Number of protein chains: 2
Amino acid sequence: MNLRFTIRPNEKLALRDPESSELGRKIVRQGLILMHRIGYEHFTFRKLAAEIDTKEASIYRYFENKHRFLLYLLTWHWNIMEYTVVVSLRNLDDSVEKIRALIRIVTNDGPDLDDETGLDRNALHAIAMAESSKVYLIKEVDEVNREQLFKPYKDLCGRIAGLFGEYAPNYPYSRSLASTVLEMAQLQPYFAQHLPALTDVGKDDDPEKLISFLENLVFSVLDKYAREKN
Amino acid sequence: MNLRFTIRPNEKLALRDPESSELGRKIVRQGLILMHRIGYEHFTFRKLAAEIDTKEASIYRYFENKHRFLLYLLTWHWNIMEYTVVVSLRNLDDSVEKIRALIRIVTNDGPDLDDETGLDRNALHAIAMAESSKVYLIKEVDEVNREQLFKPYKDLCGRIAGLFGEYAPNYPYSRSLASTVLEMAQLQPYFAQHLPALTDVGKDDDPEKLISFLENLVFSVLDKYAREKN
DNA sequence: GTTTTTTCGATAGCAAAACTATCATGTTTT
DNA sequence: AAAACATGATAGTTTTGCTATCGAAAAAAC
């Protein structure tokens, strides 16, 4: 794989680029792991500082608050995901195959491109699953959105919607379907793990049911509008 | 409408039944409105106490913490919703009609039964939209679940899944589809309001697109498995 | 109809979270 | 060598989340 990430999280997200210093990288890498371990609500910069043997104030020099920090992590996640989609689908022609591959990627069953980031991909996925909605389900959503900070998520969603549109040009809800697939790819495994009454898909280690559910969902909806039927 | 709510929120949810006293009712009614106004994160018992002219400690006599309070409110919401489903579908025979009616109810476009509760239904719906996932996306989810506190949500989901199963007995993901519909009925209008790039449905005041999206989704998926085609 | 229990108001206080400020020290840049 | 910057060390503020105590008032039990 000779492509590189050129996309970097929006500069407004961090007060200072964490990738530019040892401490910054430690904050991100260890912060990710700590948040994974104790959850967003229990996560504090004080605890992280203690863990990586630095001071609370030092972390505040990189991130305004933990909400921004979470958004920073998720931005990585969304960027990696979109990048993986772009790269993986490059050599596919068939729309059906593209959508199939896409579903595998959003369910975390795709290829693991790029290991340059040094981020714990497992933790990143778990955080995306359990915490991602907390970045936009807030009163300040409009202000944050005005700062373009949700652009990576919107881009990812837009790209998926584009693939749906390619397969079924007249389907009028491709964006809604894309966000549905993205959200459910996160939520259904969470339900499987913690509230199994809300789902039929299996636990993390068996992604096949989730993939089957989503494939069936997407193609059932799109086939009626598909350019040519299979 | 001569049916009554017999369902009451689980006793474990509140330390003391808020419906049993003037103060308790005030906490719930005004708390709902305050949370709607400032959002879950900014909501505190201190602020609520100031608003209703009581003391923080008094509120703590009713609810352990604000998470439990939110769960109490959502329990009402889920109960009302399931009750509305049961009552509204009682006189319908056709599975298709049932599912259609159901979708209207979960998108808040159903009949407004029961106004005995005195709860601001508008605020309740808005809170369900913006805050509901915060009750289960927490590290303590398993403990809370063990206390049966998500039962109302599971019951609602189970009932919807049951309707899907009635229409399409061999569809293997009726629970997942039910939770998908429930979640998207909340999330898509939120996106429409705040992150329109993620959806194709219109804003709150025009629920028809949302309904159309969900109907299309559900029937596209189920029709392939339906007992008899229409 | 008064005792007993319960409820609530009033006040206090504490530990943690979520920051901000300052200053010295060490480390790069220029 | 000087200037600029990053971090450590310390301190302090406000808000949140929660508990304790105690007396008065209201409700329930006798």
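Things worth noting here:
- For the stretch A:65-180, average projected area of the Cα convex hull in nm²: 7.9 nm²
- For the stretch B:1-109, taking Cα atoms only, Rg and Dmax work out to 16.8, 53 Å respectively.
- Estimated translational D of the stretch B:4-67 in µm²/s (Stokes, Kirkwood radius over Cα pairs; 37 °C; 0.692 mPa s): 271 µm²/s
- For the cross-link pairs A:LYS139/B:LYS203; B:LYS26/B:LYS139; A:LYS203/B:LYS209; A:LYS134/B:LYS139; A:LYS12/B:LYS203, the ones whose C-alpha atoms lie over 25 Å apart are B:LYS26/B:LYS139; A:LYS203/B:LYS209; A:LYS12/B:LYS203.
- Placing a label point 7 Å from the Cα of A:ARG16 along the Cα-to-Cβ direction, the distances to the matching points in the other copies come to 5.2 nm, shortest first.
- Between the stretch A:30-92 and the stretch B:93-146, the C-alpha centres lie 32 angstrom from each other.
- Each copy carries a label point for A:THR54 at 7 Å from Cα toward Cβ; from one copy, the others' points are 4.6 nm away, ordered from shortest.
- Considering helices alone, the calculated mean residue ellipticity of chain B at 222 nm is -19000 deg cm²/dmol, with DSSP H runs of length four and up weighted by -39500 (n - 2.57) and normalised per residue.
- For the protein assembly as shown, average projected area of the Cα convex hull in nm²: 22.8 nm²
- Axis of helix A:95-106 versus longest Cα principal axis of chain A: the two differ by about 30°, to the nearest ten degrees.
- Only Lys, Arg, Asp and Glu carry charge here, each on its Cβ (+1 for the first two, -1 for the last two); on that basis chain A has a dipole of about 580 debye about its Cα centre.
- Each pair of Cα atoms in the stretch A:111-230 enters the Kirkwood radius, and Stokes-Einstein at 20 °C and 1.002 mPa s then converts it into a translational diffusion coefficient of 132 µm²/s.
- In the elastic network of chain A, a GNM with C-alpha springs shorter than 10 Å, the most mobile of A:LEU34, A:LEU187, A:LEU195 is A:LEU195.
- Furthest towards positive pole of dipole, A:ASN170, A:ASN65, A:GLY31, structure part chain A, Cβ charges: A:ASN65
- Angstrom value of the Kirkwood radius, inverse mean 1/r, which spans all Cα pairs in chain B: 18.7 Å
- Positive dipole terminus of the stretch B:88-144, leading residue within B:SER95, B:ALA126, B:ILE138 (C-beta point charges): B:SER95
- The mean of 1/r over all distinct Cα pairs in the stretch A:172-230, once inverted, gives the Kirkwood hydrodynamic radius of 12.3 Å.
- Rounded to 10°, Cα long-axis angle of helix A:66-89 versus longest principal axis of chain A: 40 degrees
- Ranked for footprinting exposure by Cβ neighbours inside 10 Å, fewest first, A:TYR153, B:TYR83, A:TYR167, A:TYR60 give A:TYR60, B:TYR83, A:TYR167, A:TYR153.
Any read-out appearing in this document is the output of simple, stated calculations on the displayed coordinates, not a laboratory observation. Because the structure is predicted, anything quoted here is derived from the model rather than measured. Positions of Cβ are backbone-derived with ideal geometry, glycine not excepted, and every protein chain shown enters the neighbour counts.
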